[in-house]
1. From the alpha carbon gyration tensor of the stretch 451-538, can you work out the equivalent ellipsoid semi-axes (sqrt of 5 times each eigenvalue) and give them in Å, largest to smallest?
2. Given H placed 1.01 Å from N in the peptide plane, which residues other than close sequence neighbours of Ala317 have an amide H under 5 Å from its amide H?
3. Using 0.36 nm per residue of separation minus the Cα-Cα distance, give me the extension gain between Leu387 and Val592 in nm, one decimal.
4. Mind checking the full-extension length gain between Glu468 and Ser548? Use 0.36 nm per residue of separation minus the Cα-Cα distance, one decimal, nm.
5. If the reach is capped at under 17 angstrom between alpha carbons, list the aspartates and glutamates near Lys450, excluding any in the same chain fewer than eight residues apart.
6. Using +1 on the beta carbon of Lys and Arg, -1 on that of Asp and Glu, and nothing else charged, what's the dipole of the chain about the Cα centre, debye to 20?
7. Taking the Cα centre of the stretch 391-515 as the origin and placing charges on Cβ (Lys, Arg +1; Asp, Glu -1), which of Cys497, Leu469, Ala409 is farthest toward the positive end of the dipole?
8. Over the heavy atoms of Arg314, what accessible area does a 1.4 Å probe trace out, to the nearest 10 Å²?
Amino acid sequence: MAKTRCYWFILVLVIVEKCFGNNQKPNIVVIIADDMGFNDVGFHGSDEIPTPNIDALAYNGVILNSHYTQALCTPSRAAFLTGKYPIHTGMQQLVILEPEPWGLPLNETILPQYLKRNGYSTHAVGKWHLGFFKKEYTPTYRGFDTHYGYWQGLQDYYSHMTHATYSPEEGYDMRRNMVPDYSARGKYSTTLFTEESVKLIREHDTKNPMFLYLSHLAPHTGNDNDPLQAPDEEIAKFAHIQDPERRIYAAMVSMLDQSVGTVISALREKHMLDNSIILFISDNGANPQGIHANHGSNFPFRGTKHSAWEGAQRNIAAIWSPRIKRNQRVSNHLMHLSDWLPTFYSAAGLNKTELPSNLDGLDMWEAISEATPSPRTELVYNIDDVLNYGGIRQGKWKYVYGSTNKGKADKWFGDAGKNTLYNYDQNAILHSKVNSALAGLITYQQMREKNEKKSFSVELMDKRKIAELRAAATVKCPSLGEDQLESTKCNLVDSPCLFNIEEDPCERTNLAAVRPNIVTNLERAIMRFRLSAVAPRNVPRDPNADPSRWNGTWTNWVDCENEAKRSRLPMSLSPVAIGLICLAGLTVVLLVVVLLAISLCRRKRSRKGFDREAKAQKEGAKMIDGERTGWEQI
């Protein structure tokens, strides 16, 4: 009897799924790491920092091994949300520094606005970094129902104070929507953002799909006076890492990994996981040296954050969803951050004709889901005519020119993350929160397929599959001998370079001298994009942004200035009171005018009466004189 009931229950689930499942829009959850290096996850081959939850998500989904971002935080976030290269929005030059009054153009419709129009509940958690000098540039005015986090590019992990990068300003930066949240003081940023995300998931009304944009601070540095921060108990787990800075960085990454596990477990508990798309990416490469150095690793790629090298822009990316038809694989399809807007639209079954025709992003959903050929064959790294650097890729060929940081970013940093002290623990991946949640989901799916007499469409993850996928996702570059020809060495300070990225992903052999025709073609392509580029929006620092003027808090200071000007009116009167006073004044003026008019009228009447009396007196005098004359004649 119980067995029959079980079959009936499964049959009902199947019918419901077939009738309604495909029509329900999926939840979209995007988790963004900040300045995390390509080799700072286990699934790319490093044994140094365990990331079991991120690895489990990647192995069960699709590892995007040729996913490109921009070189810096602000341009990357602009590209992701607009579906456009930063050269087409004016966001291509550096980042929004703390006291600068500019942001992502208000005439750009961004991803949460599009999704909101299609019934999504939209939530931003964590970092914004796309402008805040006026409220119209902040998240809740750009399509997000809620925002909990910070507006700047970084903050202290515990105090949530942000010190300006190149100037002395410092202020508090943690908000719930538009209101500062001072209760966050003393609490670790990664934990706060995780708790907020879990709260949003638990309170979500599942009648509507959710878009959650979880943009972590980790593993970006905090302020320069205390850049690397993690709980002591987490740091203690990484005693095997000799470099103390790298050890704290590992703890920061570990806290981020735990966040991924907690969020996905919450989705499973809420029964939202079975209709979700989950994307994990880094916004750009790590910064192993220099200002805001976090000691991340971009190995084996060349370069650092803020350059056109692969180490800056070829980054971590993995996606999972039950809607993906061919999960558990590695994709080497070329993909750019701007592709996510049309890709999510397609994955959610939305009407792509709602999107503007001038997007740079391409719909990659079929290439991701079904492993079909990618529509993308070209991408622009950047065209920065202020710092004079950039690059373009067509097929396997990459052309790059100009050097940032006076050539300091043009080296290879870090190592493979292999050491006898390190161990890659496959059991930790299999027992992680993410793999546990996905294993439960897969098991129920297999049970349905079994009762439908179908072969299993997806298998549970195991050690053999982990090893296979990890090997496929590990990028290897042949080492070059000391006898490398001088003509094949690349020095961007002197001249542009050309690389065959498919054969030489580590950008060791410059082929510009032997492939001049390809160099010419790619230079023409750069010129073609330059013709459609808009000027950078960057503007200088505004001293009025200083938090000391606004209760020690970074705020939308231009709005505050305007409000302060209005409040300096006499007696601090409200606009209504000022209007009533003006009306009373006008009434008095009109009354005075009326009284003057009445007075003038009275004067005129008195004058006329006086004139008539004088005239009568004259006429009377004449009559008397006549009578007198008559009497005299008699």
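The values are calculated or read from the model by the stated rules, or taken from the named source; none is laboratory data. Treat the numbers as computed from the prediction; the structure is a model and nothing was measured. Here the Cβ is made from the backbone with ideal geometry for all residues, glycine too, and neighbour counts use every protein chain on show. For accessibility, only protein heavy atoms count, side chains too; no ligands or nucleic acids. Shrake-Rupley method; radii C 1.70, N 1.55, O 1.52, S 1.80 Å.
1. Listed largest to smallest, the semi-axes of the stretch 451-538 are 41, 24, 13 Å.
2. So Ala317 has HN proximity to Leu64.
3. Once the chain is fully extended between Leu387 and Val592, it gains 66.9 nm.
4. Fully extending the segment from Glu468 to Ser548 adds 23.2 nm.
5. List returned: Glu17, Glu459.
6. Numbers: 73 positive and 70 negative charges, 553 e Å.
Charge dipole, the chain, about its Cα centre: 2660 debye, nearest 20.
7. With unit charges placed on the Cβ atoms, the residue in question is Leu469.
8. Arg314 has an accessible surface of roughly 20 Å² with all protein chains in place.
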